[in-house]
1. I need Phe203, Phe141 ordered by Cβ neighbour count within 10 Å, fewest first.
2. How much net charge surrounds Tyr70 when only the other residues with a Cβ under 11 Å from the Cβ of Tyr70 are counted, with Lys and Arg +1 and Asp and Glu -1?
3. From the phi of every residue in segment 72-87, what ³J(HN,Hα) in whole Hz does the Karplus formula 6.51 cos²θ - 1.76 cosθ + 1.60 yield, where θ is phi - 60° and glycine or proline is x?
4. Normalising by the residue count of the chain, find the relative contact order in percent from Cα pairs under 8 Å and 6+ residues apart.
5. Tell me, how many Å apart are the Cα centres for segment 22-43 and for segment 163-208?
6. Quick one: grab the alpha carbon gyration tensor of segment 46-103, order the square roots of its eigenvalues as a ≥ b ≥ c, and give me rounded if a/c is under 1.5, else prolate or oblate depending on whether a/b is larger than b/c.
7. Order by neighbour count: Thr421, Thr535, fewest other Cβ atoms within 10 Å first, most last.
8. With point charges of +1 on the Cβ of Lys and Arg and -1 on the Cβ of Asp and Glu, referenced to the Cα centre of segment 157-219, which listed residue (Phe198, Asn181, Pro169) lies farthest in the positive direction of the dipole?
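Every number here is computed from the coordinates shown, using simple stated rules; none is lab data. Model, not experiment: these values are computed from the prediction. Heads up, the Cβs are rebuilt from the backbone with ideal geometry, glycines too, and the neighbour counts pull from every protein chain shown.
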Amino acid sequence: QAREKAASPPLAGEDEPLLLFAQHDRPRTTLDGLWAYILDQNDSAFRKPNARRAFWLDEPQKPGGPVVEYDWSISPRMEIPGDWNTRDPSLEWYDGPIYFHRRFQAPADAGGRRFLSFEAVNYDAVIWLNGQEIGRHEGGFTPFVFEVTGKLKPGENVVVLRVDDRVGPETLPSLDFDWKNYGGITRSVWLVETPTTFLRDAFLRLEAGQIVADLRADGPAAAGLEVSVAIAGLNLTLTGKTGPDGRARLSAKPPRGLKLWSPESPTLHDVTFKAGEDVRRDRIGFRTLEARGRQILVNGKARFIRGIALHEEPLGAQGGRVMTPPEARALLEEAKALGCDMVRLAHYPHTESTVRLCDELGLLVWSEIPVYWDDVAYESPGTLALARAMAAEMVVRDRNRASVAFWSVANETPTHQARTTFLRHVVADIRRLDPTRLLTAALNKNIDVGGAKAGQNQFVVDDPLAPDLDVVAINQYEGWYGPRTPDQAKTVRFSNPHDKPMMMSEFGADALYGERGPKENRWTEEYQAWVFEETLALLERDGFVGVSPWVLKDFRSPRRWHARYQDYWNRKGLVSNEGHRKLAFETLRRYYAGKAS
Ligand code: GCB
């Protein structure tokens, strides 16, 4: 116990990630575009560095000098953001280190501060600026920022990354997971400018009947700084001063007639944040969330959550990891066409613009960190620190989005003590960073981990983590993986001994689009639709207050081997990878139409 405590003190203010509040509204230069790349399959340059292969130094061969075995100017180029698996067909199955190189012009120094900002790099990144290492980051789905004030040259600069997408026993996700491990600089890269003292963080929300803003300034003038938050249309401006720690909490009673954000009417307000000379704008919605007894309440009203899960993979023959806003919109419009009011962004934080789109479209969001399955090193202090860092990056990036309703800390994890202790740390951190969201996890359905009592057809949610959560959720695949046929699913009773709302966070079945036949035939659209009919029918009986079937779209996965039906795609999509709707799409649409309030 004592050792564990020493390894994991509660998240302290200094440990909150530096993410540059409202980055989209700051002066910034894109570093997207063509980057040169060099494959280092044996990881020689990093493990055994020497001048011949110090890619980060970008030193050209000198006439008569020692040999240099690379030349960035003639290396192939790749469009960034990009995953190398789809950008370069010869790298479709490559896992390992790749170096990326880009020259860029730094804008003239305006006297403020500058940051290199990465929206996501999968998985492990080492970054050099002009030959000097400026930082490292682990984790493929969350943003990170390094300050480079004073490190840029006037005019041309060089940034080099080593990106290694290999997973290992202590990474997150760990060794086994059901999606393609797309490697690369998968989201945008920016050079961002801020004033010397700037608003590093702001969190504005409706909490306990008040509009509350937590602000944090960073820089030499951060203490005693005038700060304000003005909400357009409400005639409301909160003002105050930061304390010695650069932080301020402002609050006010919400004005009468405040229009709340809801899936039915996703009202967003234009908000202006000021911290000294730093003035930033964002669009923010206000709403309340509550788990009361066994109900989930949005704006004080109980609702049945009509969800769907999706991976971050656009429609198309290839898959791929880069998700542009139009591609995200196309997928989210399919979720809307199903009648969904929630998307489960599985199994890792999706790109920020997707969450912003959910704010606009009126889709609640379930956002998750990739603590996935039982291979995770739950005993490792390093892995715990990584999970906590990921959770903090996820929450700090998205806690101003009204759409975000659920923070999920895990998916289908075992129930032993080490895992539960591990997840409790993450839950505690998230509650500290955001007391307004519902904490959840997709819990296991396996009999041997306490989900179900063998023989009784009685699945009990008795996970030891349940008391720490606001909403208990279970994944279950009766009619697909289990011994029962879809119609026998109703012989199983799901029960929840906790006085908490219960959701079914997954169910589903593989179907190859266009494969038709008797419903008893696996892989047909009919079979999948049958699983949906039978499962949806028992939700209300057993007290579920929400569901997010698996999954909106077929997605690539190296562990789906059936050469005819899968071909390295998970085929549980309601639409095929190219966007054709399968029969079960209509089954779910009809069910949700009956549920819409
Ligand atoms: C699950 C996992 C999900 C898989 C799915 C499947 O339980 O949570 O990531 O893709 O089952 O298709 O087996």
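1. Working: Phe203 20, Phe141 27.
Least crowded to most crowded, the residues run Phe203, Phe141.
2. Details: positive: Arg52, Arg53; negative: Asp40, Asp58, Glu59, Glu69, Asp71.
Value of the local net charge: -3.
3. 4, 5, 10, 6, x, 10, 10, 6, 10, x, x, 9, 5, 4, 9, 6
4. Details: 1412 pairs, mean separation 68.9, N = 597.
It rounds to 12 percent for the chain.
5. 14 Å
6. Working: a/c = 2.67, a/b = 1.90, b/c = 1.41.
Note, shape of segment 46-103 comes out prolate.
7. Working: Thr421 17, Thr535 25.
Ascending number of Cβ neighbours within 10 Å: Thr421, Thr535.
8. Phe198
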